[in-house]
Structures are given as structure tokens and as C-alpha cells.
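Below: the structure, in C-alpha cells.
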Amino acid sequence: KGRDVMPWCPRCGTGLSQHEIVTEGYKETVHPGLYVRFPLVGRKGESLLIWTTTPWTLTGNTGASVHPEMTYAKVRTGEGEVLYLLRTRLSEVKAEYELLDEMPGEALVGLRYKGPFDELPAQAGVEHRVVAWREVSETEGTGIVHTAPGAGQEDFAIGKAEGLSVIAPLDDFGVFVEGFGRLSGKSVFEVNDAIYDSLRQKGVLYRLEDYKHRYPVCWRCETEVVFRLVDEWYIAMDELRDAISAVTRKIRWIPEF
């Protein structure tokens, strides 16, 4: 028995295996492409610029991930705000800007920032900080990955390695649990507008646009899955993986590939 984040159908109230998602599980979907400022602590007027297609997960944000070896840019926009993002993703700044500085992601690791939903009881006492992650994409988003360890599989692994707080927002049926203010008791599928309004009021919503991509759905009912932290039974493979891998190197494979 273990605790992990896994794909979950909120209509069926059940978890899904990776096998079920890979074989049956993706469809073309339009989601919000949401760009949000994470204001840096102790650096007035300076923010990390992040991107997400799952606005509800911002309520569980505890980290922001950067690639330690990629080059990041510090820019000042025409409005006077200073933003940080991956140098190769500067096109995501939809305004006139001045390049102030460049630095490796490693230089940002350890910085603290104000979370997008610090006012929620579930976020009480959480320290939000920048961590290193080598899987950051250069082809989408801003190169700074919003990380919610209780609402994403990769996020959970990053959180475990980096000691980030873990906040699990949803129950078995995709409804926000207690501790999430006016979102508590509401379905994950009906909170987007409330989240946008809250971000606008705080002045951290940078941009909102439609984003078309392939997203996993439940093979039984075609409901979009969510990723949630659960206690489940798993087949423990850690002690077997190396042994199995060693066997494959002794096999004569036909064809060789």
C-alpha cells in the first residue's frame, strides 16, 4: 500500500492505470492556457511567469520548477514590471520589453515567491520556492513550471525529491475538500471562472487563451481525468527493475531493435 498521485476519473470515482490511459485514453481537447505571475519575495515588482492548462491545480501550488542548465531571461515590460522566463520562450511576453539580464536556471533555484492562493486555509504556513527539474520543456509554456505535488504525477516526484509541501485539493468525485475557501464543495469542472476572478483581483493573471492539445479521458465514460493524491495498492517494482533490465541485456533480440 502506498501514497502517490494517479490519474482519476471523478465521475466513476476510480483510479486509472497508465495502461488504460495509453491504450484508450486521449482525445483532442481545448483547455485554458493560463499565464500567471508568481511575485518574488524580497524583489518588489519582479515575478516568475508560469503557464498551466489546469487552473484548479494552482490552489495546490507549492513550487516552481526550472531547468538548472537552460538560460533564463529577466525582462522589464513597457508597464514597468519585471518578469523571469526561459530565454527561448520570450515570445510569450506579449508586450514591449527590455532584456535586463540572462542567467542559468540554477541561479533562480531557492528563490521564494508568493503563491497564487496563499489566502486559503490549506496553504497556511507553506513556503513556495523555486526548485530544479531537468525535464522542463523548451517547446511550450514559459520554461518555469507551476508545481503542485498533490495534483500531478511528475509534480509529486519533484516534491518528494525537493521537500515541497503537498496539498491535495480533491475528493473521490473531483470536489474540492475543506480548506479551499469558496471553492470547497464545488466540482473541479465548475471553478475556472472563480479562479480567474481571484487571480485578476490579486493582479497576478497575465494572460488567458485557448490551448488545444491531447488530454487523457476515462475509457469508460470519456470524462476528463484529474490527477489526485491517493492511498492505493500497487505492485512494488523497485527491487525488481534492475534485475529485469539486466536480463534483457542477455537476450538475443530478433529483430535487434
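Report the local net charge at residue 44: Lys and Arg +1, Asp and Glu -1, summed over other residues whose C-beta lies under 15 Å from its C-beta. Mind dumping the intermediate values first?
Details: positive: 37, 43, 74, 76, 112, 114; negative: 46, 79, 81.
It works out to a net charge of +3.
Between residue 138 and residue 88, what is the label-point separation in nm under the 7 Å Cα-to-beta-carbon projection?
Between residue 88 and residue 138, the simple spin-label model gives 0.2 nm.
Tell me which label goes with the value of Cα extents along the principal axes in Å computed from the coordinates here: [x] 167, 38, 25; [y] 60, 46, 35; [z] 47, 45, 39.
Recomputing Cα extents along the principal axes in Å here gives the entry labelled [y].
Considering only DSSP beta bridges with both partners in segment 30-138, what is the antiparallel share in %, to the nearest 5? Before the final figure, lay out each step's value.
Details: 21 of 28 bridges.
About 75 percent, rounded to the nearest 5.
What do you get for the angle between helix 153-162 and the principal long axis of the chain? Use alpha-carbon atoms, 0 to 90 degrees, nearest ten.
70
Run the dipole for the chain about the Cα centre, Lys and Arg Cβ at +1, Asp and Glu Cβ at -1, nothing else charged, and hand back the magnitude in debye, nearest 20.
On the way: 30 positive and 39 negative charges, 34 e Å.
Here the chain has a charge dipole of around 160 debye.
Using a probe radius of 1.4 Å on heavy atoms only, what accessible surface per residue do you get for the chain? Whole Å² is fine.
Values: 13690 Å² over 257 residues.
In whole numbers, the chain has 53 Å² accessible per residue.
Running a GNM on the chain with Cα contacts under 10 Å, which residue among 211, 97, 234 ends up with the highest mean-square fluctuation?
Answer for the Gaussian network model of the chain: 234.
Heavy atoms only, probe 1.4 Å: what % of the accessible area of the chain goes to carbon and sulfur, would you let me know?
49
List the relative contact order of the chain as a percent without decimals, with contacts defined as Cα pairs under 8 Å and 6+ residues apart. Let's see the in-between values first.
On the way: 524 pairs, mean separation 78.9, N = 257.
Computed value for the chain: 31 percent relative contact order.
Hey, with R₀ at 35 Å, roughly what FRET efficiency would residue 79 and residue 187 work out to, going by the Cβ-Cβ distance, to 0.05? Show your work: numbers first, answer last.
Details: r = 36 Å, r/R0 = 1.02.
According to the calculation, E is roughly 0.45.
Distance check, please: which entries in 94/160; 114/160; 160/212; 1/27 exceed 29 angstrom between their Cα atoms?
Values: 94/160 35 Å; 114/160 21 Å; 160/212 31 Å; 1/27 31 Å.
Distance filter (> 29 Å) returns 94/160; 160/212; 1/27.
So what are the ³J(HN,Hα) numbers for segment 197-208, from phi and the Karplus equation (6.51, -1.76, 1.60; θ = phi - 60°), rounded to whole Hz, Gly and Pro as x?
So the J values, rounded to whole Hz, are 4, 5, 5, 5, 4, 7, x, 10, 6, 8, 7, 9.
The values are calculated or read from the model by the stated rules, or taken from the named source; none is laboratory data. Predicted, not measured: the structure shown is a model, and the values here were computed from it. Please note: Cβ atoms are built from the backbone with ideal geometry, for glycine as well, and neighbour counts cover all protein chains shown. In case anyone asks, the SASA skips ligands and DNA or RNA and just uses the protein heavy atoms, side chains included. Shrake-Rupley method; radii C 1.70, N 1.55, O 1.52, S 1.80 Å.
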